[in-house]
There are 2 protein chains.
Amino acid sequence: MEEQSIQVELSTAKKEKPQTDQLEFGRTFTDHMFVMDYSVTDGWHNAKILPYQPISVDPAAMIFHYGQSVFEGLKAFRTPSGEVQLFRPRKNFERMNKSNERLVIPPIDEDFVLQALKKLIEIDQDWVPDTEGTSLYIRPFVFATEPFLGVAPSHQYKFMIILSPVGSYYKEGINPVKIAVEDTYVRAVKGGTGEAKTGGNYASSLIAQEVVSKKGYTQVLWLDGVEKKYIEEVGSMNVFFKIDGEVVTPKLNGSILAGVTRDSVIQLLKHWDVPVVERRIGMQELADAHEAGLLEEAFGSGTAAVISPIGALGWNGKEYTINGGKTGEISKRIYDTITGIQYGKLEDPLNWVEPITSKAKVNQ
Amino acid sequence: MEEQSIQVELSTAKKEKPQTDQLEFGRTFTDHMFVMDYSVTDGWHNAKILPYQPISVDPAAMIFHYGQSVFEGLKAFRTPSGEVQLFRPRKNFERMNKSNERLVIPPIDEDFVLQALKKLIEIDQDWVPDTEGTSLYIRPFVFATEPFLGVAPSHQYKFMIILSPVGSYYKEGINPVKIAVEDTYVRAVKGGTGEAKTGGNYASSLIAQEVVSKKGYTQVLWLDGVEKKYIEEVGSMNVFFKIDGEVVTPKLNGSILAGVTRDSVIQLLKHWDVPVVERRIGMQELADAHEAGLLEEAFGSGTAAVISPIGALGWNGKEYTINGGKTGEISKRIYDTITGIQYGKLEDPLNWVEPITSKAKVNQ
Ligand SMILES: Cc1ncc(COP(=O)(O)O)c(C=O)c1O
Ligand SMILES: Cc1ncc(COP(=O)(O)O)c(C=O)c1O
């Protein structure tokens, strides 16, 4: 495995690139993809970069039946000098292996996969957009392919990476969203798969998303699945509140995804000497803080939107407006700093950025 | 939609059929498959019976990322006179639509899909085995195909039916299994997807299955995800206990799958005037009943094994042997009756059997 080489087949017909001011999130894919296979006898093997194309899958492949799958999401950015760089990519492949463990999927070689990703981006580097707020979204994923109808871990898997040039998540930069607590449905529970990035968590969440959308909210704020009292996270973001000068975020408790952006926010606040605490946060506590005029800011954190200020919170038939529905000071400062580092416009004091060197030669 | 016709393309190269005494569950598939597509503009369309073959799927298809999928499992049986019949197929397509609703998947036309299934089996009827204990396992399933990276219900789906000749689930007919409570991991919780037949539930359960297997148990007995006190179900079976002359089974509470076999067992017991109750059952209550010598029988119910007697139950480091580890009287009577009806060897007093008529002409 250590010395696995990557076979490269380049696309002959290059696709037309979308205009960078018209990029929709997750709809356009680049010219190439990375793929490798797993079998019990060979481990991970058959690593290839191929023209982006449909794959051939047996209808009995276990992914269609028993949902054994894991995915990741990270981004590459174009710097002012035209270089391409990744933001904390190792964190994503580490998390992928944690998710794999929960889903009984064999681990990937994190170094090898990062090397494969760099090679893939190098080949498709013209696809990394350079307009303000745009980037290349990277989707590594793994799924069960053994053609077998029986509830057991698969003996065969496919790991892939696909790339999608994406625009800014919000039309006008950093725009506050309205979120709502939905307590009929549950996303995850301790002992379940909440802390793994696996398809089932997202499939399970769709119905609540539909419910809150109809009431005019953008995203669901999930409470714990047991007592339905404690705040967990928001759809595809972790969540932070500034209460009476202190920034708080739910502690990782086994049912919350350990966001890379969440970790970056915490590190940055500590670096700035801003008080930040990871602990259990009751929804009632939050409402009380609002009542007392102490809920100063709220924001979500995630790869797609980076920082997403929360302007209003719906719960139990009431709506709580936060910071007059406007982006707060600390939210703005974190957003500006993280994006500044990502695009190579600011110093990188915490060593988050990983350049894509052009050293590796593509063997064709 | 009502008048949708099914296009048929017959396979030219017929596969070799496995010997019916060597059938493994879920590994061999017949010569044909049914497939249809869904789009927002056309609804379900493009219904086809095709030679069994791999399908072509975009790597960005949502099934690989967000797990939006539902499946079913039922069986066709060969009667002594050589006919082929289905067991309560409408229940499965009804349940599929309930699962679809939870997973925000558009409903299927239950009548049309049943008609398609009958046509498919007619074409592959030589694949229905006739040895004792064998049958044709039927797997209808639906999954999200839209190539889009974003957490939202897909706008495109594929519905398929594949068929697999299967042997008796246990080597020697009705063989007691050992099951164990595993309380680190949770399969489902009220408000989650436990009552839907969706991949994520099964993916989530694999790790606990691994844990109990290492301790010599066949299956996991799941407790409720909130208090971890009340019995839910067993891996891919519902569960029944005979306590002091009364048969009890956990009440459908929102996190348990409403098994077709479970319903058949309840109906049959009522038909026989055997006391049967659906209610909440505590694991401690069960242990106490065992202590008092009142836990007379335990068995699982599901399409694959029909009835599976439980000979021993592991919980909290103790092992509780039930009925001396042997198949109980009521378990045996239910098994014999349901299989007798399925194979057309016994009267069908509750109208469960649906023959596959040969009237529909195959248009080629
Ligand atoms: C459920 C969930 N929570 C939180 C996050 C944020 O994680 P990250 O900052 O690593 O993107 C995501 C997105 O990845 C997510 O899907
Ligand atoms: C989780 C679960 N419970 C129970 C059952 C039993 O249901 P049925 O009797 O419809 O096969 C199954 C199998 O379908 C299952 O997957």
>> Name the chain A residue nearest the rotation axis between A and B, going by Cβ position, and give the distance in whole Å.
In response: A:Gly200, 1
> Which angle from 0 to 90°, rounded to the nearest 10, does the C-alpha axis of helix A:199-214 make with the longest principal axis of chain A?
Replying inline: 40 degrees
>> From Cα pairs below 8 angstrom and at least 6 apart in sequence, can you work out the relative contact order of the stretch B:1-89, rounded to a whole percent?
In response: 24 percent
> Sorted from shortest, what are the nm distances separating the label point of A:Gln19 from equivalent points in the other copies, each placed 7 Å from Cα along Cα to C-beta?
Replying inline: 6.9
> Per residue, what volume in Å³ does the Cα convex hull of the protein assembly as shown take up?
Replying inline: 173 Å³
> Looking at the stretch B:268-364, which GluC sites (Glu not before Pro) are DSSP coil and have at most 12 other C-beta atoms within 10 Å of their C-beta?
Replying inline: B:Glu347
> Measuring from a point 7 Å out along Cα→Cβ, what nm distances, shortest first, does B:Pro275 have to its partners in the other copies?
Replying inline: 6.2
>> Run through the stretch A:270-364 and list the trypsin sites (Lys or Arg not before Pro) located in a DSSP loop whose Cβ has at most 15 other Cβ atoms within 10 Å.
In response: A:Arg280, A:Lys326, A:Lys345, A:Lys359, A:Lys361
>> I want to check the label-to-label distance for B:Ala292 and A:Glu101. Put each point 7 Å from Cα in the C-beta direction and report it in nm to one decimal.
In response: 4.4 nm
>> Testing the spin-label approximation: label points 7 Å from Cα along Cα→Cβ at B:His155 and B:Glu347. State their distance in nm.
In response: 5.7 nm
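Taking Cα pairs under 8 Å and at least six residues apart, what relative contact order does the stretch A:177-326 come out at, in percent?
26 percent
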> Taking amide H positions as placed 1.01 Å from N in the peptide plane, with prolines and chain starts having none, which residues 5 or more places from A:Ile310, or on another chain, fall under 5 Å of its amide H?
Replying inline: A:Val177, A:Ala298, A:Phe299, A:Gly300
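Considering only DSSP beta bridges with both partners in the stretch A:177-326, what is the antiparallel share in %, to the nearest 5?
Rounded to the nearest five, the antiparallel share is 65 percent.
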> Counting pairs of alpha carbon atoms under 8 Å apart in space and at least six apart in sequence, what relative contact order in percent does chain A give?
Replying inline: 18 percent
> Quick one: Cα centre-to-centre distance for the stretch B:220-245 and the stretch B:286-347, in angstrom?
Replying inline: 13 Å
>> Just to be sure I understand the model, the point goes 7 Å from the Cα along the line to the Cβ. What's the resulting B:Glu9 to A:Lys215 distance in nm?
In response: 4.9 nm
> With a 1.4 Å probe, how much accessible area is buried between chains A and B, both sides summed, in Å² to the nearest hundred?
Replying inline: 4900 Å²
> Which value in deg cm²/dmol, rounded to the nearest 500, describes the helix-derived mean residue ellipticity at 222 nm for the protein assembly as shown, given -39,500 (n - 2.57) per DSSP H run of n ≥ 4 and division by the residue count?
Replying inline: -7000 deg cm²/dmol
> Ratio of the stretch A:87-201's C-alpha Rg to 2.2 N^0.38 Å, to two decimals?
Replying inline: 1.32
>> Based only on Cα atoms, what mean projected area does the convex hull of the stretch A:195-299 have, in nm²?
In response: 7.1 nm²
> Taking chain B as a Gaussian network, where each spring joins two C-alpha atoms under 10 Å apart, which residue of B:Asp288, B:Asp224, B:Asp130 fluctuates the most?
Replying inline: B:Asp288
> What is the spread of the Cα atoms of chain A along each of their three principal axes, largest first, in whole Å?
Replying inline: 65, 53, 35
> What ³J(HN,Hα) values, in whole Hz, does the Karplus curve 6.51 cos²θ - 1.76 cosθ + 1.60 give for the stretch A:21-27 when θ = phi - 60°, with x put for Gly and Pro?
Replying inline: 8, 10, 6, 9, 6, x, 10
> GluC sites (Glu not before Pro), restricted to the stretch B:208-261: which are DSSP loop and have at most 14 other Cβ atoms within 10 Å?
Replying inline: B:Glu227
>> Please compute, for peptide B:202-214, the average count of beta-carbon atoms on other protein chains lying within 10 Å of each residue's beta-carbon.
In response: 6
> Which whole-number value in Å² is the accessible area per residue of the stretch B:177-326, probe 1.4 Å?
Replying inline: 36 Å²
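May I ask which of A:Lys48/A:Lys119; A:Lys228/A:Lys251; A:Lys98/A:Lys270; A:Lys229/A:Lys332; A:Lys229/A:Lys318; B:Lys190/B:Lys251 have a Cα-Cα span longer than 19 Å here?
Long pairs (Cα-Cα over 19 Å): A:Lys98/A:Lys270; A:Lys229/A:Lys332.
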> Put the label 7 Å from Cα along Cα→Cβ for B:Gly150; what are its distances to the other copies, in nanometres, shortest first?
Replying inline: 4.2
> Expressed as cubic angstrom per residue, what is the convex hull volume of the alpha carbon set of the stretch B:246-363?
Replying inline: 151 Å³
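The values are calculated or read from the model by the stated rules, or taken from the named source; none is laboratory data. Quick caveat: nothing in here was measured; it's all calculated off a predicted structure. Neighbour counts run over all protein chains shown; Cβ positions are idealised from the backbone, glycine included. All accessible areas refer to the heavy atoms of the entire protein, side chains included, with ligands and DNA or RNA removed. Shrake-Rupley method; radii C 1.70, N 1.55, O 1.52, S 1.80 Å.
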